[in-house]
1. Enumerate the aspartates and glutamates that LYS85 could reach by cross-link, defined here as Cα to Cα under 17 Å, with residues fewer than 8 away along the same chain left out.
2. Report Rg/Rh for the chain, rounded to two decimals, where Rg is the Cα radius of gyration and Rh the Kirkwood radius.
3. How large are Rg and Dmax for segment 1-94 when calculated on the C-alpha trace, in angstrom?
4. Tell me the Kirkwood radius of segment 212-307: reciprocal of the mean inverse pair distance over distinct alpha-carbon atoms, in Å.
5. Leaving out ligands and nucleic acids, and using a 1.4 Å probe, what accessible area per residue does the chain come to in Å²?
6. Run the reach check for LYS13 against lysines, Cα to Cα strictly under 18 Å, same-chain hits fewer than 8 apart removed. What comes back?
7. So what J values fall out for segment 57-68 if you push phi through Karplus, 6.51 cos²θ - 1.76 cosθ + 1.60 with θ = phi - 60°, rounded to Hz, Gly and Pro as x?
8. To the nearest 10 Å², what's VAL323's accessible area with a 1.4 Å probe?
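The values are calculated or read from the model by the stated rules, or taken from the named source; none is laboratory data. If you're wondering where the values come from, they're calculated on a predicted model, not measured in any experiment. No Cβ is skipped: glycine too gets one built from the backbone with ideal geometry, and neighbour counts run over all protein chains shown. Keep in mind that these areas ignore ligands, DNA and RNA; they rest on the heavy atoms of the full protein, side chains included. Shrake-Rupley method; radii C 1.70, N 1.55, O 1.52, S 1.80 Å.
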Amino acid sequence: MKTTIYSTHKFDKPSIENANKGKHQLNFLEFRLTKETALLAEGSKAIALFSSDDASSEVLDILHKLGIKFIALRSAGFNHVDLKKASELGIKVARVPAYSPYAIAEHTMALILALNRKLIKAHNRVRDQNFSLNGLTGFDLNRKTVGVIGTGKIGAVLVKILHGFGCNILVHDIVEDENLINLYGVRYTDCETICKQSDIISLHVPLTASTKHLIDAKHISLMKQGVMLINTSRGGLVDTKAVIEGLKSKKIGYFGIDVYEEEEGLFFEDHSENILQDDVIARLMTFNNVLITSHQAFLTETALTNIAETTIYNLDCFEKGKVSGNEIP
């Protein structure tokens with residue numbers, strides 16, 4: 001089946017080719033899917049999308065007219081796809097429901113440790129032959145209270161890691177995981193309690209209408225002075241402008257993100273020769289207690305292999321008319 005793969009990067013193309021084993025005719029494009037690039041899928045029956053692609057209603061109309069019948073997402077999230085429109089047009093959509101919760105959880109822990117122990121500042125100092133320790137004081141994670149909002153696959157792995165550090169763990173989810181309670185002594189509570197009692201807060205919920213700007217000025221006002229806030233889930237969970245105000249007032253003492261609510265067209269690309277047009281992220285980058293990575297938490301060999309294999313499997317099922325179990329209704 002001829003498939004156009006948008007947003008191809010050097011880091012993921014080899015794993016897709018290896019998983020495909022020559023079965024499907026793959027047309028690799030470095031471009032993001034937009035209404036301007038949608039026409040490049042002409043002649044294909046399916047497309048494969050990355051999390052940065054735009055599969056909005058207007059774009060889906062163009063794809064439908066080109067004869068696109070299937071969309072294989074190379075991600076777990078699907079908020080970049082207008083699923084209602086896709087259903088109306090008869091375009092089937094499948095995703096990669098889980099590729100490596102360990103990759104995301106471990107990156108989350110890396111952000112926590114790097115911010116706490118000021119590793120970036122320390123590294124830059126040593127490179128400048130400055131071996132002073134002034135201003136590098138961190139804190140013991142042992143016995144600190146960490147709030148984990150969302151205890152799905154990724155949140156559950158993070159809980160296990162945090163338990164190993166000796167943290168007291170508060171969690172929130174609409175479904176309680178008895179295993180986490182029994183194995184790690186977590187306590188389920190509401191978001192307000194987590195904000196009030198946690199030294200560190202980490203977000204691991206999907207982006208929906210109800211979770212949009214879950215972390216807003218109101219919730220930030222409830223937090224401990226100097227709290228650490230981490231987001232490796234979806235950028236839209238956080239009201240970034242409210243966070244900036246929290247950083248300026250020192251209510252938020254540390255902020256680590258791998259996702260950003262306006263990352264579309266910014267992350268995954270080299271803009272080093274351009275003038276940054278996003279004033280919000282530009283302001284974030286001025287704080288020395290902010291650590292930003294550009295949506296790389298998933299980027300491990302294990303995750304890339306799993307993403308590629310599931311994507312090709314979904315394409316196989318589309319072609320053969322079989323149910324993969326990964327379809328999004």
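1. Here the aspartates and glutamates satisfying the reach criterion relative to LYS85 are ASP53, ASP54, GLU58, ASP61, GLU327.
2. In the chain, Rg relative to Rh is 0.99.
3. Reported Rg and Dmax, both Å: 12.2, 34.
4. 14.3 Å
5. In whole numbers, the chain has 50 Å² accessible per residue.
6. Within the straight-line limit of under 18 Å, LYS13 reaches these lysines: LYS2, LYS21, LYS23.
7. So the J values, rounded to whole Hz, are 3, 4, 5, 4, 4, 5, 4, 4, 5, 7, x, 6.
8. The value for VAL323 is about 120 Å².
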